[in-house]
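Throughout, read-outs are computed from the coordinates displayed, never taken from laboratory work. Predicted model only: the values in this text are computed from it and were never measured. When we count neighbours, we look across all protein chains shown, and the Cβ atoms used for this are built from the backbone with ideal geometry, even at glycine.
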Amino acid sequence: MSKCGCGNRTIVSDLINGGMFGHECVDACINPQCGEPQFLTVLAPVVYDQLGINICRTFDLPDTVPTTYPTAVYASAEVIDIEFLETGTSAVTIEPITARPNCYEITLTNLSVTFAIKFYDCCRRLLGTVEVPGIIYLSPDVTDESYDEDTNPTSLVINLFAPYGVVYTGGDVGTPSLNVIGFSTTNSGLEQGLNLMAIPKVIALDIVDGTMTVGLTLILNSIYFTHYQLPHNGKAIISKGSTANSEDSLCLDFVNGCLLDRSIKPLEYSNPFDQKHNCNIVDAGGCFNTVDDEQ
């Protein structure tokens with residue numbers, strides 16, 4: 001008989017394996033733990049360091065805006081996307097700080113911002129929404145009309161604590177990534193590592209001249225997913241809508257009734273406190289019921 005130990009081995013979690021403080025417990029694979037745990041184990045994106053900086057500039061609106069919305073008095077803005085442009089040696093860079101291995105130096109420059117601008121009349125009624133792409137903040141060219149040493153310099157150099165490193169584009173360690181959190185379906189997600197988000201504020205609107213001034217709060221975060229055990233105050237109560245009509249039926253009773261909920265507990269950080277000692281006995285006390293008619 002071979003003793004090389006080459007066969008597959010099955011490894012099970014503590015909950016399935018059973019046992020806590022010397023007690024036996026009911027096998028969770030047969031009899032799921034029902035109700036609510038005292039603690040929830042969550043895998044949460046945790047901010048390890050963050051820094052925000054304000055910048056501001058004035059730019060021209062598309063030529064069609066003054067004629068399309070001549071009654072516009074107010075405006076609001078959303079940042080849909082930020083693209084990192086490369087002009088010669090001017091590009092966003094991420095470098096580990098020499099002799100300080102837990103920190104990185106991020107240089108922000110040449111940011112091409114795409115806005116969604118909403119225009120309102122004097123009664124604050126929405127007139128329309130216009131996409132305004134390619135507005136350059138932190139232009140590397142000091143001769144650019146938007147350049148201002150105090151409000152819109154050529155670049156910003158930021159040091160950030162990022163102890164678990166950065167995410168690499170395509171796994172290439174030569175291209176560290178700075179994730180942009182925007183408002184498009186392609187960039188609305190959060191990633192581990194370094195993240196950049198922008199919060200805009202319309203400072204001024206001149207619809208006659210076709211210009212507007214928008215300030216940006218740029219926020220850099222270093223974020224990592226970490227397991228935490230959290231106490232909680234019960235499950236969230238979800239607001240319920242109704243499609244009720246005058247017909248009386250079983251379906252109507254269901255539609256007018258309470259929302260369904262799940263009753264099997266998520267796995268706790270440790271084994272649930274289960275006072276049952278006979279693992280061969282399956283409790284038929286309703287652990288598989290997912291609807292409580294009394295609620």
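Among the GluC sites (Glu not before Pro) in the stretch 80-148, those placed in a DSSP loop whose Cβ has at most 12 other Cβ atoms within 10 Å are Glu86, Glu145. Each Lys or Arg adds one and each Asp or Glu subtracts one; over the other residues with Cβ under 14 Å from the Cβ of Thr186, this totals -3. Scalar couplings 3J(HN,Hα) for the stretch 48-58, obtained by applying the Karplus form with A = 6.51, B = -1.76, C = 1.60 to θ = phi - 60°, are 8, 7, 7, 8, x, 9, 9, 9, 7, 7, 9 Hz; x denotes Gly and Pro.
The amide H of Tyr48, built 1.01 Å from its N in the peptide plane, has Ser222, Ile223, Tyr224 as neighbours under 5 Å, considering only residues 5 or more places off or on other chains. Proximity of backbone amide H atoms, modeled 1.01 Å from N, is registered between Ile136 and Val113 at under 5 Å, excluding neighbours fewer than 5 places apart on the same chain. For Ala162, the residues whose modelled amide H falls within less than 5 Å of its own, excluding neighbours fewer than 5 places apart on the same chain, are Cys103, Tyr104. Residue by residue, the stretch 74-84 carries 3J(HN,Hα) couplings of 10, 8, 10, 9, 10, 8, 7, 7, 10, 10, 8 Hz when phi is fed to the Karplus relation 6.51 cos²θ - 1.76 cosθ + 1.60 (θ = phi - 60°); x denotes Gly or Pro. Listed values for the stretch 161-174 are Karplus-derived 3J(HN,Hα) couplings in whole Hz (6.51 cos²θ - 1.76 cosθ + 1.60, θ = phi - 60°), namely 7, 9, x, 9, x, 10, 8, 10, 5, x, x, 8, 5, x, and x replaces Gly and Pro. Label separation (Asp150 vs His227): 5.2 nm, computed from points 7 Å beyond Cα along the C-beta direction.
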